Structures are given as structure tokens and as C-alpha cells.
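J.: The structure is given below, and queries will be raised subsequently.
The values are calculated or read from the model by the stated rules, or taken from the named source; none is laboratory data. These numbers were taken from a predicted model, which means no experiment stands behind them. Because the Cβ atoms are built from the backbone with ideal geometry, glycine has one as well, and the counts that use them run over all protein chains shown.
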Amino acid sequence: MKDVLIWIHGDCLNPHSPALLAHPDAPRVFVFDEEVLAHYRLSLKRIAFMYECLLEIPRVEIRKGQVVAELAEAAREQGCTRIVTVESIAPRFAQLRAKLQREHNLPVEVLPLEPFAELSQTEQARIELKRFSRYWNPIKAKALALNQSFDW
Amino acid sequence: MKLKTVFNHRDELIAYLRETFPDAAARSPEIADTRGGRKAAEAALAQIKPERYAATRNHLKGAVTRLAAYLRHGVLTLAEARRAVLQRGGVKAEKLVTEFAWRDYWQRVYAQIGDGIWKDRESLKTGWRPTDYAEKLPDDIAQGTTGLRCMDGFADELRQTGYLHNHARMWLAAYVIHWRRVRWQAGAAWFLEHLLDGDPASNNLSWQWVASTFAVKPYYFNRDNLEQFTDGVYCRACQRYRNGCPFEATYDELQTRLFPRASERVSNR
């Protein structure tokens, strides 16, 4: 499909990301978010590390600036009408995604990443986040088992 | 603005980044030896020895994995790393998988509270009020000029390499928060500037664990502990070893000194 632009973000600098696998021919863009760089005062070594990760993603386009404006420009240049990416729990990700839709009419499809351990709904429901032990004890056996097929 | 993606060698890339990100280069121009990318991540994963990790991880020279930066940026997934070490180590990989689980745990908390990771999760158990802590990180800590060989060494390593062993992170965080009485947020922000694996959730919530705002007690240490897990390399070279080392004390003495107003015992041991 020629209408898809893949948005690569800092939580998934992986050449085998589900978005890249789902749309192997689509243009892919990463934007160094100038607001984030300034806010966190990110050091050059952090930028260099991310840049090296990006350079191993075939045909990646790397930009810097305002994320929403840069992605919209890339979409326009490539003739793309929608964006595909992978999930991120960062609050900023949700804000940027909403803004792409609102200001540029670009819908963003978010693909899930493989979870740390496949949990049933019952197991999910037993997890409490107050302390690590209350999260870990209910799922420990599952997470330490290589074969997860014993979920009946 | 579109950036270059073709470079002949690493030096060319670094020179380009210095020009392209002048603010970052002016603040902290260091470049780490650690390479980014999937190939480097897979190489790091292939070198892991789960059993050795479990036996030696607390020691600064221990067989740690150096996977965190790749996990933080999703170059590897936590699921892949978990599978790889279980295939190799079986039950001997339990400790390492448990450490991976900590990352999953911090991420789940982040998903729930978002930017709330910058606020105290719970009240302090140190006997001090939030306003008793300084807002800003003192320059001597960030610059590595405290005169304490250990803490200065850790600060230098952080700046130069973008990496610190987990135990060094804990000691440094405890020093910042409990000995210097600086807000954990100032230390957390400093780490995020430099750590290649700097992740807001893992980083901030770990600082909160040391501070006691996400734990039942504060984390602190003494010199015996630091000396043991560093083979004394810092202590031997430290001018303050026999001259006012602030860490030389029993845990009971430190408790009285650091947390004189704490209502309950907050001893680590």
C-alpha cells in the first residue's frame, strides 16, 4: 500500500519492528524531537547512540524539529495519507498522535509489541502495581517458563 | 529538517552530529564507546551468561549484560531477551529474568501514572519533609569534584560513557538524596541526560525507591559495602579514606546521622 508512512519513534528503534514487517516497502521516518532534546538536555552521546540504531534501519529518513510538523511534511512529500507505528506508553506519544489526527487529518494506527510474557486475562487481573512482589508473584511461573503453551 | 543517513565511518557521523546538535554538543560533548544498533544488541545478547550474572551481578566487575540501552530503545524487546536467556540458562536464568521483570514492572506503573513518575509516589520515610531537600543538584556532584573518589569516579563514568553499573547507580543516588539531601528529581534528571539507557520510568521509579517514596524505607549503604563490591579501588585512592569518609560507619550509626527524625527504624539490615 502506497498510502502508509511508518513513524519510527525512540521506544522502538528496531529494524524488525512490527510496523516495518507489516509494511516492508513503506517510507519510514524518525524525528528527533527538539522539545524533548531541550527539555531533558539530552547529551550528544545519547543522540549518537540513537542515531547509530537508526542507521541500521534500511531506507530510514531521519529528521529533527517538531515531530508533528515533520511527519506531516514527510507524508505530504511521499503522498501518504495515514501513519502506522508501534505502541509507546510515553504520555507525549499519545499527545503527538492526537495532534497528527487533529491538525493534519493523519490517522495513526498503533501496532502492539510482543509483551514481556503472554498472560491470560485472569493473570492480568491478579497483577497489582503497589509493589514489585505483588506484580511478580502471580506471573513468575509463567514468565520463567520457556514454553507458554500450558495456558489451558 | 532532513538529516544525513550515509556516513563512511563513525568519526564522520560524530562530526556531523556535533554540527547538527550544537546545544547538546556544547553541554556534554562526550561520545560513548557503546555502539547503537541491532547488530550490537544481538552481540550483547549472545554474550550473556545467565548463571555468571546471577552469581556476580552486584560486583562492579560482575558479568552484567549491558542490554539496558538496547531494551530502552526497543532495539531488542524484553520478550526476545527473556526467551534468549531462558533457552540458554533454563532455571539458572531466573535472577536475570527477574531483573527483566523489573523493567516490565516500571513500564506498567508508567502506563498507569504517566508524568506522575516525577511526583512522590508515597510519603518520605526519612523523617525529613520534602522541602528539606535542595531543588538543584550541586555542581560538585555533577562535575565530579566532591573529593570522594567513589562518587567522583561514578560521576565521571556517567558523563564519559553514558553507563553506570546498577550498584554504582544506587550508591550515587543514595549519596545525592540522603547525604547531600537533594531532591531525587534533580538526580533523576541528571541521569536521564547521560545514561544511554535513560528511561523515565525505570530511572525515576528507581530513584524513588532509593528516596523511600516508592519503598517502605530509604536505601543507604556504608563503606564496607562499597569497598566489598568495588574491590576497594576507589577507597585505596581516596584522600578521605582516613580523613572524614562520610560512609565509614555502621548502619545504626548512619541511620542516626542521616535520619535523626525518622520515627521508625529504617535500617537496611
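J.: Being hydroxyl-bearing (Ser, Thr, Tyr) and within 14 Å of another protein chain (Cβ to nearest Cβ) narrows it down to one residue among B:TYR133, B:TYR163; which is it?
T.: On the way: B:TYR133 fails: within 14 Å of another protein chain (Cβ to nearest Cβ).
Only one candidate qualifies: B:TYR163.
J.: OK, next. Anything in the stretch B:159-173 that is touching a helix residue (DSSP H, G or I) at 6+ places or on another chain (Cβ under 8 Å) and over 17 Å from B:ARG72 (Cα atoms)? List them, or say none.
T.: Answer for the stretch B:159-173, where residues must be touching a helix residue (DSSP H, G or I) at 6+ places or on another chain (Cβ under 8 Å) and over 17 Å from B:ARG72 (Cα atoms): B:ARG159, B:HIS167, B:ALA168, B:MET170, B:TRP171, B:LEU172, B:ALA173.
J.: Return yes or no: is B:GLY37 modelled with pLDDT of 95 or more, over 18 Å from B:SER202 (Cβ atoms) and within 12 Å of another protein chain (Cβ to nearest Cβ)? Lay out the reasoning, then the answer.
T.: On the way: modelled with pLDDT of 95 or more: yes; over 18 Å from B:SER202 (Cβ atoms): yes; within 12 Å of another protein chain (Cβ to nearest Cβ): yes.
When the stated conditions are applied, B:GLY37 passes them.
J.: Restricting to the stretch B:64-91, what's the tally of residues that are in contact (Cβ under 8 Å) with a residue 40 or more places away in the chain, under 17 Å from the mean Cα position of the chain (by Cα) and either farther than 15 Å from B:ASP199 by Cα or more than 10 Å from chain A (Cβ to nearest Cβ) (or both)?
T.: Qualifying residue count for the region: 4.
J.: Do you know which residues across the stretch B:1-12 are closer than 27 Å to A:VAL68 by Cβ and hydrophobic (A, V, I, L, M, F, W, C)? Can you show your working first?
T.: Quick first cut of the stretch B:1-12, residues closer than 27 Å to A:VAL68 by Cβ only: B:1-6.
Matches in the stretch B:1-12: B:MET1, B:LEU3, B:VAL6.
J.: Related question: Does the stretch A:104-112 contain at least one residue that is within 16 Å of A:VAL29 (Cα to Cα), part of a helix (DSSP H, G or I) and within 16 Å of the chain's Cα centre (by Cα)?
T.: Looking for residues that are within 16 Å of A:VAL29 (Cα to Cα), part of a helix (DSSP H, G or I) and within 16 Å of the chain's Cα centre (by Cα), one finds none in the stretch A:104-112, hence no.
J.: Which condition from (1) more than 14 Å from the chain's Cα centre (by Cα); (2) modelled with pLDDT of 95 or more; (3) within 21 Å of A:THR81 (Cβ to Cβ); (4) among the basic types (Lys, Arg) is the one that A:ARG28 breaks?
T.: (1)
J.: Here's a follow-up. Of the residues B:ALA168, B:ALA211, B:ALA186, which is small (Gly, Ala, Ser), over 22 Å from B:TYR53 (Cα atoms), modelled with pLDDT of 95 or more and surrounded by fewer than 24 Cβ atoms within 10 Å (Cβ to Cβ)? First the steps, then the outcome.
T.: On the way: B:ALA168 fails: over 22 Å from B:TYR53 (Cα atoms); B:ALA211 fails: surrounded by fewer than 24 Cβ atoms within 10 Å (Cβ to Cβ).
When all the criteria are applied, what remains is B:ALA186.
J.: Given (1) more than 12 Å from every other protein chain (Cβ to nearest Cβ); (2) within 30 Å of B:ALA101 (Cα to Cα); (3) in contact with a Phe, Trp or Tyr (Cβ under 9 Å, 6 or more places away or on another chain), where does A:LEU44 come up short, assuming only one miss?
T.: A:LEU44 satisfies all of (1) more than 12 Å from every other protein chain (Cβ to nearest Cβ); (2) within 30 Å of B:ALA101 (Cα to Cα); (3) in contact with a Phe, Trp or Tyr (Cβ under 9 Å, 6 or more places away or on another chain) except (1).
J.: May I pose another question? Take the residues in the stretch A:27-41 that are surrounded by fewer than 20 Cβ atoms within 10 Å (Cβ to Cβ) and in contact with a strand residue (DSSP E or B) (Cβ under 7 Å, 6 or more places away or on another chain), then tell me which one is nearest to the other protein chains (Cβ to nearest Cβ).
T.: Among them, the one singled out is A:GLU34.
J.: Continuing with the same structure: Which of the residues that make up the stretch B:1-15 are within 9 Å of chain A (Cβ to nearest Cβ) and outside any strand (DSSP E or B)? So that I can check it myself, show each step before the final result.
T.: Taking the stretch B:1-15 as the starting set, the residues that turn out to be within 9 Å of chain A (Cβ to nearest Cβ) are B:1-7, B:10, B:13-14.
Selection gives B:MET1, B:LYS4, B:THR5, B:VAL6, B:PHE7, B:ARG10, B:LEU13, B:ILE14.
J.: Can you tell me how many residues within the stretch A:112-147 are crowded, with 16+ Cβ neighbours inside 10 Å and touching a residue at least 40 places away in the same chain (Cβ under 8 Å)?
T.: Within the stretch A:112-147, residues that are crowded, with 16+ Cβ neighbours inside 10 Å and touching a residue at least 40 places away in the same chain (Cβ under 8 Å) number 1.
J.: While we're on this one: What is the number of the single condition among (1) more than 12 Å from chain A (Cβ to nearest Cβ); (2) in contact (Cβ under 8 Å) with a residue 24 or more places away in the chain; (3) part of a loop (DSSP other than H, G, I, E, B) that B:GLU30 does not meet?
T.: Every condition holds for B:GLU30 apart from (1).
J.: Further question on the same structure: Sort out which residues of the stretch A:59-72 are touching a Lys or Arg at 6+ places or on another chain (Cβ under 8 Å) and on the phi < 0 side of the Ramachandran plot, and write them in order of number.
T.: So the first thing to find is which residues in the stretch A:59-72 are touching a Lys or Arg at 6+ places or on another chain (Cβ under 8 Å), and the list is A:59-63, A:68, A:70.
Hits for the stretch A:59-72 are A:VAL60, A:GLU61, A:ILE62, A:ARG63, A:VAL68, A:GLU70.
J.: Determine, yes or no, whether B:TRP102 is under 25 Å from A:ASP11 (Cα atoms) and within 7 Å of another protein chain (Cβ to nearest Cβ). Explain how you work it out, then say what you get.
T.: Numbers: under 25 Å from A:ASP11 (Cα atoms): yes; within 7 Å of another protein chain (Cβ to nearest Cβ): yes.
Considered against the rule, which asks whether it is under 25 Å from A:ASP11 (Cα atoms) and within 7 Å of another protein chain (Cβ to nearest Cβ), B:TRP102 comes out as yes.
J.: Additional query: Only one of these is touching a residue at least 12 places away in the same chain (Cβ under 8 Å), surrounded by fewer than 21 Cβ atoms within 10 Å (Cβ to Cβ) and away from every other protein chain (no Cβ under 14 Å): A:VAL108, A:VAL60, A:VAL84. Name it.
T.: Details: A:VAL60 fails: away from every other protein chain (no Cβ under 14 Å); A:VAL84 fails: surrounded by fewer than 21 Cβ atoms within 10 Å (Cβ to Cβ).
Exactly one of A:VAL108, A:VAL60, A:VAL84 is touching a residue at least 12 places away in the same chain (Cβ under 8 Å), surrounded by fewer than 21 Cβ atoms within 10 Å (Cβ to Cβ) and away from every other protein chain (no Cβ under 14 Å), namely A:VAL108.
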